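Please treat every number below as a calculation from the coordinates, not as lab data. Here the structure is a predicted model, which is why all the values come from computation and not from measurement. Positions of Cβ are backbone-derived with ideal geometry, glycine not excepted, and every protein chain shown enters the neighbour counts.
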Amino acid sequence: MTWIFLAAGLVLAGLVVLGVTGARAAAAARALSREVAAAKSRLESEMGRLTSQEDETTGLGGVPSGLKTGTR
């Protein structure tokens, strides 16, 4: 009978370890999601700023005039 209690205790301890590890992984995933959203926001604001400026080396399409297809 002692073996059954020992096995049940080990199973319970294993489940606790898995639960704690799963909770830590979920918290890390939420933190990573927030970091990715913040980086995306920063990149989108920079892209908006860069695309609103007209560079003298590119035309309206954003491709240098010598590289457009069909022109030589």
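What FRET efficiency, computed as 1/(1 + (r/R0)^6) with R0 = 35 Å and r the Cβ-Cβ distance, is obtained for ALA31 and LEU6, rounded to the nearest 0.05?
0.40
Determine, from the Cβ-Cβ distance of LYS40 and VAL17 and an R0 of 30 Å, the FRET efficiency 1/(1 + (r/R0)^6), rounded to the nearest 0.05.
Here the calculated transfer efficiency is 0.30.
Using the Karplus curve 6.51 cos²θ - 1.76 cosθ + 1.60 with θ = phi - 60°, what ³J(HN,Hα) values do you get for each residue of region 30-45, in whole Hz, with x for Gly and Pro?
5, 5, 5, 4, 5, 5, 5, 5, 5, 5, 4, 4, 5, 5, 5, 5
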